[in-house]
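A short write-up of the structure that comes next.
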Amino acid sequence: YYLLIKALHIIAFTSWMAGMFYLPRLFAYHADATPGGELSETLKVMERRLLRIIINPAMVATFVFGIWLIVLTGYGAPGTGGWIHAKIV
């Protein structure tokens, strides 16, 4: 199960970061839109959906799969070389 969980962790992290990189672009478009206009309202919906449907679930999944990997590999186990400590810091 280790490789499956690791793959899901990487997919969740990639989705989370892709959403985080796209969100400022939506904010920039929103700043240029006329307040109260159709484009402004559409961008509000897009921003909300991006956060609630993609970014937040991907963030939670990243942490869940990451913690699961730590438990599987034995946090701080001898021979890990301190990688997990460096990653957390």
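So which chymotrypsin sites (Phe, Trp or Tyr not before Pro) in the chain pass both tests, a DSSP loop state and at most 14 other Cβ atoms within 10 Å of the Cβ?
Tyr1, Tyr75
With viscosity set to 1.002 mPa s and temperature to 20 °C, compute the Stokes-Einstein D of the chain, Rh being the Kirkwood radius across alpha carbon pairs; µm²/s, no decimals. Walk me through the numbers before you get to the answer.
Numbers: Rh = 15.2 Å.
Estimated diffusion coefficient is 141 µm²/s.
Which residues in the stretch 14-31 place their backbone N less than 18 Å from a point set 7 Å from the Cα of Glu47 along the Cα-to-Cβ direction?
Only 19-31 fall inside the zone, counting backbone N under 18 Å.
The numbers here are math on the coordinates, done by the rules we state, and not lab data. Computed from a predicted model, the values in this text were never measured in an experiment. Here Cβ is always computed from backbone atoms with ideal geometry, including for glycine, and neighbour counts include all displayed protein chains.
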